[in-house]
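Okay, structure first, notes after.
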Amino acid sequence: MPRTTVVLAAVAALAGGALTGCAEDSDDKDAGGSSGGGGGGGKTTLTVGVFGAFGLQEAGLYAEYEKLHPDINIKQNSVQRNENYWPALLTHLSSGSGLSDIQAVEVGNVAELTGSHADKLMDLGKAPGVDKNAYLDWKWKQGTSKDGKTIGLGTDVGPTGICYRKDLFKKAGLPTDREAVGKLWAGDWSKYLQAGKRFKEKAPKGVAFVDGAAGVMAAVHASGKEKFYDADGELIYKDSPTVKEGWNIAAQFAEAGLTAKLQQFQPSWDQAFANGSFATVTCPPWMLGYIKDKAGAKAEDQWDVASAPRPGNWGGSFLTVPEAGKNKEEAAKLVAWLTAPRQQAKLFDKRASFPSASAAYDLPEVKDAKNPYFGDAPVGRIFSKAAEGVPVQPIGPKDGIIQQYLADVGMLGVDQKGTSPDKGWDKAMKTIDNALDQ
C-alpha cells in the first residue's frame with residue numbers, strides 16, 4: 001500500500017486522537033519547490049518536499065528545529081498524492097532543477113533511486129550525527145545502493161501484526177488473550193489458515209475469518225526473504241518460493257470460504273469494519289487508527305493485536321537530499337535530526353508513525369505505548385518486536401506493479417469470482433509480463 005494512501009487512511013493517531021486533515025498542497029502542485037538560500041532577516045530557508053499528511057510538520061518537529069536553530073527557516077511543499085509527486089520528482093532529478101532541499105520518497109519508489117539515480121543524491125550515511133547502528137538493518141539497506149551509498153534515511157516503518165476481534169473469537173471457541181492468539185499461528189502462515197478453519201466451525205453467522213485473500217497474500221509476501229527480486233536485482237516473481245507460498249495460502253483461504261471477499265481500502269471494506277463482518281486483518285501500527293475510525297465506538301475493546309505468523313513490513317518512507325540543492329549541508333543536518341531516534345519517537349507519539357530507528361524502541365514514547373481502543377494492547381512492545389524480525393528483503397523498481405496485478409488481476413478473481421487458482425495465476429503472470437515487457 002503506497003504511503004500516500006496509508007497516511008490519508010490512518011485518520012486516528014495511536015493515542016486515540018483523530019488525524020483530521022492532510023498537509024497543505026504546495027502552490028505549484030509539484031514535487032519540488034524553491035531551494036533558495038535566503039529566508040529574510042539573514043535566515044537560510046530549507047524547503048522540504050513531501051506527499052500526503054507526512055506528519056513532520058504536524059508533529060511540530062519543524063518548529064522545534066527552528067527554535068534550536070534560529071538561523072534556519074523551514075518551508076514544506078506538499079503534494080497530496082504520491083502518484084503525482086513521484087513522476088515530478090524524477091523529472092526534477094533528471095533536470096537538476098525545481099527540487100526542494102529535502103525530498104521525501106515512499107518505500108515503493110526507493111529502489112528506483114538507489115538503482116538509477118544514486119548519483120543525484122547525497123550520501124546521508126556520512127552526514128554529521130548519523131549513526132547507522134541506531135537504525136533497523138533492513139530499513140538502512142533499503143535506502144542504500146549496491147555500492148554502499150545511503151541516499152535515504154528512513155522516517156518510519158510498518159511492521160505487521162494481526163488485529164483480531166476478541167468477541168468474535170470467543171463466540172467461535174478460540175482463545176482471546178493476545179499471547180495465546182499469537183501462539184495459534186506462531187511462525188507459520190499455514191497455522192493461520194488452520195485457525196481460520198477452526199473459527200469457521202463455530203463462527204457467528206455472516207462473519208468471515210479474514211477480510212480478503214489478497215490481504216493475506218500480501219502479508220505472506222512481505223514476510224519472506226525474497227519476493228519479486230533477488231539479491232542481485234533480478235526479477236524472480238514467477239519462481240520465488242515466497243510468492244508461491246503467498247499465492248497458495250491465499251487461494252486456500254478463498255477456496256475454504258474463510259474470506260469476506262473484500263478489497264482493501266474500498267467503501268465496502270470500510271463498512272465491514274463497522275458491521276463486524278470479519279474477525280482478523282493484517283495490521284501495521286498506522287492501521288490501528290484506521291480501524292478505530294471505521295469500526296467506531298461500539299467496537300472499542302473488542303479489537304486487540306497479536307503477533308503475526310511471521311512479521312513483514314507494510315509502508316514507510318525516506319528523506320533524501322538532492323545534490324543539485326543550494327543548501328545541501330544544512331539540509332543533511334536537518335534530515336539527520338528529523339530521523340534521529342528521539343524525533344522518531346516523538347513522531348510516533350504524535351502521529352502513529354512507527355520508528356525506523358530501533359534505538360527509539362527503548363524510549364518511553366515507544367516502549368510504554370498502549371492503545372486503549374485495543375484493550376490497552378502494548379503496541380510499542382508488539383510492533384518493536386515485529387520490526388526487529390522483518391527480513392532484509394530486496395525491493396525493486398517494479399514491486400508495486402507486480403503486487404497490484406497479482407492482487408487485482410489474479411487473487412481478486414479467485415476470491416470474488418471463484419476463478420481457479422491456476423487460471424488466476426496464469427492471468428496475473430501474463431498481465432505482469434506485458435506490463436514489464438518480459
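In table form, for the structure just shown:
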quantity: Label-point separation in nm, E255 to T176, each point 7 Å along Cα→Cβ; calculated: 3.5 nm
quantity: Percentage relative contact order, region 222-268, counting C-alpha pairs under 8 Å, at least six apart; calculated: 23 percent
quantity: Helix-derived mean residue ellipticity, 222 nm - over the chain, DSSP H n ≥ 4, -39500 (n - 2.57), to 500; calculated: -12000 deg cm²/dmol
quantity: Choice from V366, V220, V409 showing the highest fluctuation, given a GNM over the chain with Cα pairs closer than 10 Å; calculated: V409
quantity: For the chain, built as a Gaussian network whose Cα springs stay under 10 Å, the top-fluctuating residue of R198, R165, R342; calculated: R198
quantity: Dipole in debye (nearest 20) - the chain, about Cα centre, beta carbon charges: Lys, Arg +1; Asp, Glu -1; calculated: 1280 debye
quantity: Angle in degrees between helix 379-389 and the longest Cα principal axis of the chain, rounded to the nearest 10; calculated: 80 degrees
quantity: Cα-based helix-to-principal-axis angle, 241-255 vs the chain, degrees rounded to 10; calculated: 50 degrees
quantity: N275 paired with D368, simple spin-label distance in nm, labels 7 Å along Cα-to-beta-carbon; calculated: 4.2 nm
quantity: Positive-end extreme of charge dipole, region 284-438 - chosen from L363, G400, S384 (charges on Cβ); calculated: L363
quantity: The chain - share of DSSP beta bridges that are antiparallel (%, nearest 5); calculated: 65 percent
quantity: Extension reserve of the I401-E64 stretch, reckoned as 0.36 nm per residue once the Cα distance is removed; calculated: 117.5 nm
quantity: Net charge contributed by nearby residues that have their C-beta within less than 14 Å of S420 (K/R +1, D/E -1); calculated: -1
quantity: Nearest-0.05 FRET efficiency for K427 and D137, computed from C-beta distance (R0 35 Å); calculated: 0.40
quantity: C-alpha center-to-center spacing [region 369-433, region 311-350] in angstrom; calculated: 26 Å
quantity: Alpha carbon centroid spacing (whole Å) that separates region 96-141 from region 171-205; calculated: 40 Å
quantity: Electrostatic dipole magnitude of region 223-355 [Cβ: Lys, Arg +1; Asp, Glu -1; Cα centre; debye, to 20]; calculated: 400 debye
quantity: 27 Å Cα-Cα reach of K126 towards lysines, excluding residues that sit fewer than 8 places from it in its own chain; calculated: K43, K67, K75, K139, K141, K146, K149, K326, K328, K333, K346
quantity: Using θ = phi - 60° and Karplus 6.51 cos²θ - 1.76 cosθ + 1.60, couplings along region 106-120 (whole Hz; Gly, Pro as x); calculated: 6, 4, x, 9, 5, 5, 5, 6, 5, x, 10, 10, 4, 5, 9
quantity: Cα-based helix-to-principal-axis angle, 189-202 vs the chain, degrees rounded to 10; calculated: 50 degrees
quantity: Computed lengthening from K200 to N84, 0.36 nm per intervening residue step minus Cα-Cα distance; calculated: 37.5 nm
quantity: Relative contact order (%) - criterion: Cα under 8 Å, at least six apart; region: the chain; calculated: 24 percent
quantity: Cβ-based charge dipole, the chain, positive-most Cα from A203, H69, Q263; calculated: A203
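Every number in this text was worked out from the coordinates using simple rules, so none of it is lab data. None of these values were measured; they are calculated from a predicted model. Don't worry about glycine lacking a Cβ; one is built from the backbone with ideal geometry, like all the others, and counts go over all protein chains shown.
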